[in-house]
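Have a look at the structure below, then the notes.
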C-alpha cells in the first residue's frame, strides 16, 4: 500500500490589514482541507505585509508570543477542526527586544509541537530583516506529526545547504520553505535551489512564496509555489505568479526510500572530511 500524504501550500496577496489576512488564509486552508489535504504550510510572516521592505518600529506591533499568542491558538483550533497538520509562520516576540522570524508547527489534533526560528537573516535593500529579527537559536528541529516527520526552513535559509542537510539527517521526509521573494534574479534561483536541495537530501520540499505587490516597497512577489520530489522533479504544475492559490498535491513518501537506495548520498557522506567547513 502506497504511503501517500496529501499536502498543501497557500500563497496569498496582502489584503491590507491583519484580521482580513488571517481570515483569507483560514478560508484558503479550509479549501485545502475540503480537497483532502492532511498537512498545510502558509507563507512567510503570513498574517502581515512583508514589512521588511522598510525599517519602521510600527511593525513590531505584529509580534506575538508563540505558542501563547492568539494566532497560534486560532490555528490550533483550525487544525483540530480540519484534521490538518499546520505550519504557521509568524513574527515572534520571546521577550522585550528578542524577536524572531518563526514558524510554529501544530499537529492534526491541535497539539502544538514546537517551532523553528529562521537561522539566516538577510539585510539588503528591500529585505531589511536584521532590523527586526535575531538569528534563530533552536537549531533545525524535525517534528513528528500525523503525516510523518517534517521540517521547516524559512526563505533566505534556502541559500544555505547546511540546514537542508541537517533536516535530512534528523529524518525529515517533507521540508517546508515559506518565503517572501521577488522577481528578478531570485526567480531564477527559486526554480533552481529547492529542486537541487531535494535531490541532495532526498526528500520532498514545499516551496511557498507570497504573491502580488505591496505598498511598502517595490518588491513584486511572484508566487510560483510548488512541491518538488526527491528526484528534483516538480509534483504537478507550480502555482500562478499573480493570483492567490492553494496548491494540493499527493506526495508518495515511498519514493524517498526508492531514491535513497538508487542514489546512496547518505551512505557515501564523509563527515570526517568536512571539519574544515565548520572552522572557516
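This table checks each residue for (1) within 25 Å of residue 219 (Cα to Cα); (2) more than 20 Å from the chain's Cα centre (by Cα); (3) at pLDDT 95 or above.
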{"residue": "48", "(1), (2), (3)": "yes, no, yes"}
{"residue": "51", "(1), (2), (3)": "yes, no, yes"}
{"residue": "60", "(1), (2), (3)": "yes, yes, yes"}
{"residue": "67", "(1), (2), (3)": "no, no, yes"}
{"residue": "71", "(1), (2), (3)": "no, no, yes"}
{"residue": "78", "(1), (2), (3)": "no, no, yes"}
{"residue": "83", "(1), (2), (3)": "no, no, yes"}
{"residue": "87", "(1), (2), (3)": "yes, no, yes"}
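Restricting attention to the range 157-189 and to residues that are out of contact with any helix residue (DSSP H, G or I) (no Cβ under 9 Å at 6 or more places or on another chain) and part of a helix (DSSP H, G or I), the residue that is surrounded by the most Cβ atoms within 10 Å (Cβ to Cβ) turns out to be 166.
Within the range 1-24, being under 18 Å from residue 249 (Cα atoms) and outside any loop (DSSP other than H, G, I, E, B) holds for 4, 5, 6, 7, 8, 9, 10, 11. Looking across the range 115-130 at every residue that is surrounded by fewer than 17 Cβ atoms within 10 Å (Cβ to Cβ) and in contact with a strand residue (DSSP E or B) (Cβ under 8 Å, 6 or more places away or on another chain), the one that is farthest from residue 163 (Cα to Cα) is identified as 126. The residue list 200, 264 contains one member that is assigned to a loop (DSSP other than H, G, I, E, B) and over 17 Å from the mean Cα position of the chain (by Cα), which is 264. Could you please let me know if residue 31 is part of a helix (DSSP H, G or I), in contact with a strand residue (DSSP E or B) (Cβ under 8 Å, 6 or more places away or on another chain) and surrounded by fewer than 18 Cβ atoms within 10 Å (Cβ to Cβ)? It is true that residue 31 is part of a helix (DSSP H, G or I), in contact with a strand residue (DSSP E or B) (Cβ under 8 Å, 6 or more places away or on another chain) and surrounded by fewer than 18 Cβ atoms within 10 Å (Cβ to Cβ).
The values are calculated or read from the model by the stated rules, or taken from the named source; none is laboratory data. Worth saying up front: this structure is predicted, and the values here are computed from it rather than measured. Virtual Cβ from ideal backbone geometry, glycine too; neighbours counted across all protein chains shown.
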